[in-house]
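What follows is a single structure, written as structure tokens, with notes after it.
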Amino acid sequence: MKSAKPHPQEVLRIEALHALNILDSVAESQFDAITRTAASLCGAPIALISLVDEHRQWFKSVLGLPATVTETSRDVAFCAHAIHGNDLMEVRNASEDERFHDNPLVTGDPNIKFYAGQPLIVAGMPVGTLCVVDQVPRQLTEGQRGVLKHLGSLVQSMLAERRLRALTDRAHRELEEELDLAREVLRNLTRIDHQSIPQFREALLPAKKFSGDLITSAISPGGQLYGLFADVTGHGLASALFQIPAVDSFKGHVTLDSSVEKIARGINARLKSLSRTGHFMAAIIFCHDAAENRITIWNGGMPEAWLLDEAGVVTQTVKSSHVALGILPDDVFDDKAVVIDCAGFSQLLMMSDGVLEAVNVDGEEFGQARAQEILPTTPRDARIEMFLASIFTYQEGAPQHDDIAVALLNFHQ
């Protein structure tokens, strides 16, 4: 038996895992729903969400094993091998694999013969896996591999939301004590575990366990910055699942340097095929071409995006001129985008309706006018932090009813 070596960045990996504050926590229905789905769609009797710490693999969710089984030693863990990569690890016959053929989990209960594990990446570190296990040799189909990868992405989002919720709670407490400390915490809140793009700042604060808001971005092979800023109807697991095909379509188009129009049409077609779920996605899709100093924007159902000058004054807006994604069939879908010369503009600010509709203890909304008054009074590089701080201060004592998402694109550094 070959036990897995420590991860090359083991110290940082363990720090990322413990920051989730999830080890030894009670079972949660949203994680159990993922293991049930993974087992069903992959045709496997066992499915696990496994988190690997210094000495053990601990199961956040277990399907197909006795209720008393909550962990195993890290030395025998298949998942300890899987976290050495970012891609799905598949062991088709453990009895013939030199790493596992004499592993006690193979030679004894639960008699593992087949294993497939998708690493879960949080804060850039693999903290565990979503895996399926069978007691007979086999292999996944391409479709099942895709399902396991997509479900793994959802678990990652759920773990990232847990991390963000912890930071949000901390921010609310410390805003009452001193503004300077709150500003630092709010900088942490703007960190999202997507590709690091310095000129694109973002913050997403869920109102509940799952966020209906979505922010993702990527640099294309041609060097252009693409972004998807979206809000799915409703909350909960269904809304989170609805984001997966949208992000998949978006990322696929970015790798091809597709036009914004083609991306909008592609995502709409994917979501329209899921229209029986009753969900749709309001979205802003943009492409910033720094070489040509222009930005192309498509806005369907989102609050207007604001173009700011160097002083932070809103000098132009991009209002919604389209129906949200996932509603119209392709033959009547309008993909026309707006092309804007960035000369004279400093930043693009986008926000979800949860920002403008945030209320104080008297039930009064934060609103556009108040938001536009704040921006010119803050330094260019601190606008997103101060913007969020103002929202938190305004709604202090009042519940957060909707997800809050803000993104700020700098046209020049």
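Any read-out appearing in this document is the output of simple, stated calculations on the displayed coordinates, not a laboratory observation. None of the values given here were measured: they were computed from a predicted structure. Here Cβ is always computed from backbone atoms with ideal geometry, including for glycine, and neighbour counts include all displayed protein chains.
Taking the chain, how much of its Cα-Cα pair set, in percent, is spaced more than 39 angstrom apart?
On the way: 20189 of 85078 pairs.
Above the 39 Å cut-off, the chain has 24 percent of its Cα pairs.
Name the residue, out of Val254, Val136, Val122, whose mean-square fluctuation peaks in a Gaussian network model built on the chain with Cα pairs under 10 Å.
Maximum fluctuation in the GNM of the chain, among the listed residues, is at Val136.
If I build a Gaussian network model for the chain, linking alpha-carbon pairs within less than 10 angstrom, which residue out of Gly108, Gly367, Gly146 has the largest mean-square fluctuation?
Maximum among the listed residues: Gly108.
Quick one: P(r) of region 10-153 from all Cα-Cα pairs, 10 Å bins, percents rounded to integers, in order of increasing distance.
P(r) for region 10-153, in whole percents per bin: 12, 47, 35, 6.
Given H placed 1.01 Å from N in the peptide plane, which residues other than close sequence neighbours of Gly128 have an amide H under 5 Å from its amide H?
Val52, Leu120
Could you compute the net charge surrounding Leu328? Neighbours are other residues with a C-beta less than 15 Å from the C-beta of Leu328; K and R count +1, D and E count -1.
Values: positive: Arg265, Arg270, Lys272, Lys336; negative: Glu261, Asp330, Asp331, Asp334, Asp335.
Charge balance near Leu328 sits at -1.
Quick one: which of Lys60/Lys262; Lys2/Lys149; Lys149/Lys319; Lys2/Lys251; Lys60/Lys272 span more than 30 angstrom between C-alpha atoms?
On the way: Lys60/Lys262 40 Å; Lys2/Lys149 26 Å; Lys149/Lys319 35 Å; Lys2/Lys251 37 Å; Lys60/Lys272 33 Å.
With Cα atoms farther than 30 Å apart: Lys60/Lys262; Lys149/Lys319; Lys2/Lys251; Lys60/Lys272.
So, in nm, how far is label Arg92 from label Lys2 when the simple model puts each one 7 Å beyond its Cα toward the Cβ?
About 1.8 nm separates the two model spin labels.
Using Cα springs under 10 Å in a Gaussian network model of the chain, which residue among Glu202, Glu261, Glu142 shows the largest mean-square fluctuation?
Glu142
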